[in-house]
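So the structure is just underneath, and the comments pick up after that.
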Amino acid sequence: MKSRSRMLSTLCFNLQVILAFCWVYIRKYQSRQESEVISTITAICALAVALITSALLPVDIFLVSYMKYPNGTYKGWAENNETRGQIEDTVLYAYYSLYSIILFCVFLWIPFVYFYYEEKDDDNTDKCLQVKNALKYTTGFIIVCTALLLIGAFVPLEAPPNQSATQWEKMQYLFEEGLTGYGLPALSFSISSLTLIGMLAVITYTAYGMSVLPLNLIKGTRSVVYERLENTEDIEEVEHQIEKLKAKCEDGRPLSSRDRRNLQEFEVKLQVISHVCNCEICCIVLYSLDKALHSAGISSGFMVFGTNLTNPLNELLLTLQPVFPLDYILITVITMYFVFTSMAGIRNMGIWFFWIRLYKIRPKRTRPQALLFLCMILLLIVLHTSYMIYSLAPQYVMYGSQRYLLQSLGPKGSPTLGNTTTETTRNCDADAPQDECTVTRSYLFLHKFWFFSTIYYFGNWVFIAVFLIGLVVSCCKGKRSVIQGEVEADDSDMSEDEYIH
């Protein structure tokens with residue numbers, strides 16, 4: 001009971017934090033001259049729903065893990081299959097509701113608000129015409145959503161040929177039993193399709209942002225005074241003064257206590273960001289290698305049975321999971337790290353459609369349409385984060401800390417004698433008996449269709465490649481300007497009021 005009440009209080013607290021974060025984050029980038037109430041509310045709500053959905057993952061894992069003792073036996077209240085089924089259904093319907101809201105946001109709400117402001121014109125004040133045109137363009141998104149739902153409802157889901165019959169049939173049974181009927185497969189297919197688009201956004205923005213964010217902190221920015229005098233005749237005198245200061249520093253003049261304190265704080269922050277980045281990349285590489293070496297093949301979605309390579313983050317989360325909410329805090333840190341690195345990539349690159357640059361993202365100067373685009377991209381990235389976390393800690397996401405008892409025969413080889421049968425406790429995996437381990441609903445949602453898992457697998461390798469390319473590009477660049485991202489070359493036609501604080 002204490003664990004449940006602690007979980008509920010943590011959920012309520014996280015909900016408040018998510019709403020506050022979304023409000024502050026959107027308001028930070030919102031244009032002060034072109035702000036619109038509807039676009040702001042839309043962006044805040046849509047991003048909040050995505051973050052709340054990702055926050056449901058640790059709860060899902062906690063519930064399946066809380067059913068069993070560390071020795072592998074079920075707790076008294078969870079011994080009944082009906083009780084476990086009710087809990088699983090509750091989580092399933094929570095996902096069902098949140099994912100339905102995400103579909104509503106992506107295919108109806110955000111497109112409608114976007115096209116509504118695209119049709120806005122100073123010469124045309126007819127609101128009805130704006131609504132009519134916005135609905136006309138939004139109809140295309142509704143048709144796409146309907147097509148995805150129909151395909152997901154009726155697409156055949158059969159076991160691929162030439163697979164290990166026992167292991168594959170077990171996983172197929174879990175998928176069929178976990179998500180029955182037409183509604184949930186249709187929703188799963190639609191969400192997986194959006195997650196696929198989110199994977200492209202992660203490869204484009206997050207991978208680059210993950211490389212550029214730490215390096216920008218290391219290199220810092222150019223001096224404001226230096227940039228002001230860069231095009232004046234006083235530059236030579238300033239450079240001469242800088243050389244004098246460097247000479248004094250080389251003579252061994254000690255730093256002040258304030259400088260040492262600031263330097264230490266910066267080094268700690270940099271080490272934390274670098275460690276998180278290195279840990280995530282290493283875990284993704286290990287996961288991808290494990291799939292490449294030990295999976296059941298491309299036609300199974302590169303499904304891996306059992307644990308073959310030790311994953312440090314997976315082991316850490318399994319260790320923290322029994323002490324709720326430690327794993328919840330770590331998952332939150334990972335998710336927010338993905339958000340911040342994605343935002344760093346978007347700010348550096350802008351929003352592009354192939355080779356056409358659509359919008360720039362700058363604090364206090366982002367137009368309503370750009371804000372909606374930003375919100376849509378972040379929503380899709382957060383949606384894909386659930387699969388990225390599975391890549392970082394597959395066993396944790398699939399089974400949590402569940403264990404089961406495995407009976408084996410002793411040396412005498414007679415199962416009728418009590419002293420010839422031994423029981424060992426093992427971590428849950430695909431080889432466990434069907435009634436001994438409960439798969440999280442999140443895993444079933446994301447892996448119901450094996451061909452999506454196959455695409456995600458290759459997407460992980462592309463993500464690693466883009467990260468390495470971004471790392472090389474960021475290393476070759478010099479220090480960025482202190483006003484980079486704030487003022488662009490084509491800002492001369494903008495009102496000077498936006499620069500007034």
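The values are calculated or read from the model by the stated rules, or taken from the named source; none is laboratory data. Because the structure is a prediction, the values reported are computed rather than measured. Note: ideal-geometry Cβ built from the backbone for every residue, glycine included; neighbour counts use all protein chains shown. Accessible surface is based on the protein model in full, side chains and every heavy atom, while ligands, DNA and RNA are left aside. Shrake-Rupley method; radii C 1.70, N 1.55, O 1.52, S 1.80 Å.
Limited to region 1-29, what total is found for residues that are within 29 Å of GLN402 (Cβ to Cβ) and either among the charged types (D, E, K, R) or modelled with pLDDT of 80 or more (or both)?
Matching residues across region 1-29 total 6.
Need at least 1 residues that are modelled with pLDDT of 80 or more and over 22 Å from MET303 (Cα atoms) per element, so show me which helices (runs of 4 or more DSSP H) inside region 107-187 make the cut, counting only ones lying wholly within it.
Answer list for region 107-187: 110-118, 127-154.
Restricting the first residue to region 380-394 and requiring it to be within 13 Å of PRO312 (Cα to Cα), which pairs with a second residue that is at pLDDT below 85 and not in a helix (DSSP H, G or I) meet a Cβ separation below 8 Å and a spacing of at least six or different chains?
Correct list of pairs: LEU392/ASN311; ALA393/ASN311; PRO394/VAL304; PRO394/ASN311.
When the residues of region 389-413 are filtered to those that are surrounded by fewer than 18 Cβ atoms within 10 Å (Cβ to Cβ) and touching a strand residue (DSSP E or B) at 6+ places or on another chain (Cβ under 9 Å), which remaining residue is modelled with the highest pLDDT?
LEU405
What residue, among those in region 336-386 that are under 23 Å from PRO214 (Cα atoms), open to solvent by less than 10 Å² (accessible area, probe 1.4 Å) and β-branched (Val, Ile, Thr), is modelled with the highest pLDDT?
For region 336-386, the residue satisfying everything is ILE381.
Tally up the residues in region 30-39 that are modelled with pLDDT of 85 or more and open to solvent by less than 10 Å² (accessible area, probe 1.4 Å), please.
Of the residues in that region, 1 qualify.
Looking at LEU63 and the list (1) over 30 Å from THR366 (Cα atoms); (2) touching a residue at least 40 places away in the same chain (Cβ under 8 Å); (3) assigned to a helix (DSSP H, G or I), which single condition is not satisfied?
Result: LEU63 fails condition (2) only.
Check region 426-440 and report whether any residue there is crowded, with 21+ Cβ neighbours inside 10 Å and of a type in the set (D, E, K, R).
no
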